[in-house]
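The values are calculated or read from the model by the stated rules, or taken from the named source; none is laboratory data. The structure displayed is predicted, hence computed values, not measured ones. No Cβ is skipped: glycine too gets one built from the backbone with ideal geometry, and neighbour counts run over all protein chains shown. For accessibility, only protein heavy atoms count, side chains too; no ligands or nucleic acids. Shrake-Rupley method; radii C 1.70, N 1.55, O 1.52, S 1.80 Å.
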Amino acid sequence: MIVPDNNVIVNEVEKLIEKYGSGRENLLPVLQDIQRKFGFISDFAMQEIAHKMNIHPVEVYGVVTFYSFLSTEPKGKYIIRLCKTISCDLAGKDAVANTLQRELGLKFGETSSDRKFTLEYCHCIGMCDQGPAMLINEQVYTKLTPSKVIEIIENLK
Amino acid sequence: MPIINDTVFFDERAHGEALEKALKMTPQEVVLEVRESGLRGRGGAGFPTGTKWMLALTAKSDKKFVVCNADEGEPGTFKDRVLLSEYTKLVLEGIVIGGYAIQAQKGFIYLRGEYAYLYEYLNDYLERMRKEKRLGKNILGTNFDFDIEIRLGSGAYVCGEETALIESLEGHRGEARNRPPFPVNTGYLGYPTIVNNVETFACAYIVISKGAQWFSKYGTEKSKGMKLISVSGDCKKPGVYEVPFGIKVKELLELVGAEDTKAVQIGGASGICVPMSEIDRNISFEDIPTGGSVIIFNQNRNMLEVLKNFMEFFVEESCGQCTPCRIGNKKLLEGVELLEEGKCSHKYLNELIELGKTMQIASKCGLGQSSPNPFISIVTNFKDEIMSNSIRGKNGY
């Protein structure tokens with residue numbers, strides 16, 4: 001993925017402000033859409049949003065860095081979030097975690113150099129009765145086993 | 001053991017049509033019906049729903065808001081996901097009924113980012129309701145206007161706390177506010193706002209549909225109605241169960257096929273750990289209150305590892321705003337690590353318990369007030385195991 005140039009961001013922010021409105025209460029939906037489209041929220045994007053919403057860029061930065069699903073650094077096309085909360089842990093999270101790290105060649109918290117995959121841990125995703133579970137972007141995968149994980153990753157590669 | 005024959009949620013034929021009924025009543029009558037039912041908030045705190053709605057109804061303002069708290073982040077809870085995806089009508093029309101009861105114009109569903117895959121489905125459902133005149137202008141031909149917007153969260157557990165949730169809706173960091181003022185008079189954008197759990201709205205629907213008397217037949221003196229429980233961990237049949245309030249922990253364990261049980265965590269990470277010697281206790285606001293998370297541990301589980309998992313969760317999810325929660329959780333986690341290494345003296349352990357009790361009093365919001373619960377209950381109930389862990393070294397090996 002190529003880092004978007006600033007004109008694209010200006011246009012996108014303008015479009016989103018038109019869609020949601022320029023009031024502060026619309027900040028999160030705007031940020032979520034920028035995150036979804038570009039894979040991260042750049043310094044320039046934060047400044048542009050702040051300018052259009054008439055708030056200080058630091059306010060925007062404060063919000064972006066508060067929420068774990070928003071990021072200031074580029075993330076992969078596929079963000080894999082493995083649940084590490086207790087029920088998934090009891091159900092065999094460690095074997096799944098090892099498989100993910102080995103197959104992707106990534107440690108948790110890392111993004112692949114081709115920006116295809118980001119591997120992260122997350123907290124409870126509400127699939128406790130069907131663990132171990134993970135999210136890939138907005139899709140949920142349950143009752144994971146090492147061989148199931150290998151198949152899922154192969155399909156995305 | 002009471003086998004549950006009556007189901008409120010899982011039998012669709014029993015749901016009835018509550019919206020039609022509510023709109024024929026006055027807002028006051030709706031609120032009084034909910035109050036009479038004894039319905040208490042299903043998120044876990046158990047505030048009487050009728051009282052909350054009455055406060056919002058009587059608040060004077062030209063704008064009012066309803067918020068459905070679908071930020072179901074408590075570890076081990078998933079009943080709201082099931083309600084939203086399979087019993088959508090109960091929840092969404094329950095929100096409309098709440099809006100009518102307090103005379104609001106707009107409602108929000110704050111859906112956690114982890115459930116983003118439900119967004120499109122719910123939006124389509126809302127669109128269908130608008131076409132059927134069950135949402136939007138002149139609902140069911142009356143002069144009541146009300147609409148619902150879905151807002152997504154972005155992965156912050158603390159936003160399940162109602163004032164943090166409102167902060168997030170307003171485009172801020174999800175940091176809890178001081179209470180009072182309460183959202184019922186100073187909520188979203190400063191307007192009167194009710195924030196209720198997904199299950200609470202579904203219950204309100206049932207209350208209106210079947211009547212307060214029918215609803216309050218179930219449960220105990222101070223905990224009326226049925227409760228959805230999310231069961232996970234070491235048992236044969238994990239899943240969502242509908243049980244009357246007052247059910248004994250023992251009965252629930254039998255129901256879900258739990259064998260060789262060592263302990264049950266009730267109320268998620270912020271709940272308490274119940275050892276086998278206390279399974280005659282019951283699930284209710286009088287005894288063990290819960291938002292509905294039940295996690296079962298069998299004899300092979302290491303309770304110190306369980307505790308460490310919970311404390312890591314709180315260290316990461318504390319918003320950092322107030323000191324008791326920000327520093328306290330770190331100290332408790334360090335204590336768990338000392339226990340693992342066999343370096344935590346009994347004296348220091350007692351000091352940590354005291355620290356936990358201080359956090360319960362001094363933290364600003366529910367997160368820090370309840371995060372010491374698993375620490376205190378696990379180190380108290382499993383002291384021998386925890387301390388022998390420390391003598392034998394990591395993981396008890």
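Quickly run through segment A:69-89 and pick out the residues that are under 16 Å from the mean Cα position of the chain (by Cα), open to solvent by less than 20 Å² (accessible area, probe 1.4 Å) and without any contact (Cβ under 8 Å) to a residue 40 or more places away in the chain.
Across segment A:69-89, the qualifying residues are A:Leu70, A:Ser71.
Can you tell me which condition B:Ile148 does not meet? The list is (1) within 14 Å of chain A (Cβ to nearest Cβ); (2) closer than 16 Å to B:Leu111 by Cα, and all the others hold.
(1)
Give B:Glu36, B:Glu20 a once-over and let me know the one that is closer than 21 Å to B:Lys227 by Cβ, in the same structural domain as B:Glu170 (by TED's automatic domain parsing), open to solvent by 10 Å² or more (accessible area, probe 1.4 Å) and assigned to a helix (DSSP H, G or I). Spell out how you get there, then give the answer.
Values: B:Glu20 fails: closer than 21 Å to B:Lys227 by Cβ.
So the residue among B:Glu36, B:Glu20 that is closer than 21 Å to B:Lys227 by Cβ, in the same structural domain as B:Glu170 (by TED's automatic domain parsing), open to solvent by 10 Å² or more (accessible area, probe 1.4 Å) and assigned to a helix (DSSP H, G or I) is B:Glu36.
What are the residues in segment A:122-149 that are over 20 Å from the mean Cα position of the chain (by Cα), part of a helix (DSSP H, G or I) and more than 9 Å from chain B (Cβ to nearest Cβ), if any? Before the answer, list the steps.
Going through segment A:122-149, the residues over 20 Å from the mean Cα position of the chain (by Cα) turn out to be A:128-131, A:143-148.
Next, only the ones that are part of a helix (DSSP H, G or I) stay: A:128-130, A:146-148.
Of everything in segment A:122-149, those that are over 20 Å from the mean Cα position of the chain (by Cα), part of a helix (DSSP H, G or I) and more than 9 Å from chain B (Cβ to nearest Cβ) turn out to be A:Pro146, A:Ser147, A:Lys148.
A:Lys52 is checked against (1) open to solvent by less than 40 Å² (accessible area, probe 1.4 Å); (2) within 14 Å of chain B (Cβ to nearest Cβ); (3) assigned to a helix (DSSP H, G or I) and fails just one. What number does that condition carry?
The one condition A:Lys52 does not meet is (1).
If we scan segment B:321-340, do we find a residue that is outside any helix (DSSP H, G or I), open to solvent by 30 Å² or more (accessible area, probe 1.4 Å), closer than 17 Å to B:Glu161 by Cβ and within 14 Å of another protein chain (Cβ to nearest Cβ)?
Yes, the conditions are met somewhere in segment B:321-340.
Could you list, in sequence order, all residues of segment A:121-155 that are open to solvent by 30 Å² or more (accessible area, probe 1.4 Å) and either aliphatic (A, V, I, L, M) or in contact with a Lys or Arg (Cβ under 7 Å, 6 or more places away or on another chain) (or both)? Give the derivation first.
Taking segment A:121-155 as the starting set, the residues that turn out to be open to solvent by 30 Å² or more (accessible area, probe 1.4 Å) are A:121, A:129-130, A:137-143, A:145-148, A:150-151, A:154-155.
A:Tyr121, A:Gln130, A:Val140, A:Ile150 - these are the residues of segment A:121-155 that are open to solvent by 30 Å² or more (accessible area, probe 1.4 Å) and either aliphatic (A, V, I, L, M) or in contact with a Lys or Arg (Cβ under 7 Å, 6 or more places away or on another chain) (or both).
Given the conditions (1) within 23 Å of the chain's Cα centre (by Cα); (2) farther than 26 Å from A:Ser22 by Cα; (3) open to solvent by less than 30 Å² (accessible area, probe 1.4 Å), which single one is not true for B:Ala176?
Unmet for B:Ala176, out of (1) within 23 Å of the chain's Cα centre (by Cα); (2) farther than 26 Å from A:Ser22 by Cα; (3) open to solvent by less than 30 Å² (accessible area, probe 1.4 Å): (2).
Quick check on my filter: what residues within segment B:121-167 are under 18 Å from B:Leu23 (Cβ atoms), open to solvent by less than 20 Å² (accessible area, probe 1.4 Å) and in a loop (DSSP other than H, G, I, E, B)?
B:Leu135, B:Phe144, listed by residue number.
Give just the number: which of (1) open to solvent by less than 10 Å² (accessible area, probe 1.4 Å); (2) in contact (Cβ under 8 Å) with a residue 40 or more places away in the chain does A:Val60 not satisfy?
(2)
Take A:Arg115 and tell me if it is more than 13 Å from every other protein chain (Cβ to nearest Cβ), open to solvent by 50 Å² or more (accessible area, probe 1.4 Å) and of a type in the set (Lys, Arg).
no
Which count do you get for residues in segment B:39-68 that are in a helix (DSSP H, G or I) and of a type in the set (Gly, Ala, Ser)? Spell out how you get there, then give the answer.
Our first condition is that a residue be in a helix (DSSP H, G or I); within segment B:39-68, this holds for B:49-58.
Restricting the remaining residues to those that are of a type in the set (Gly, Ala, Ser) gives B:50, B:56.
Going through segment B:39-68 one residue at a time, the tally reaches 2.
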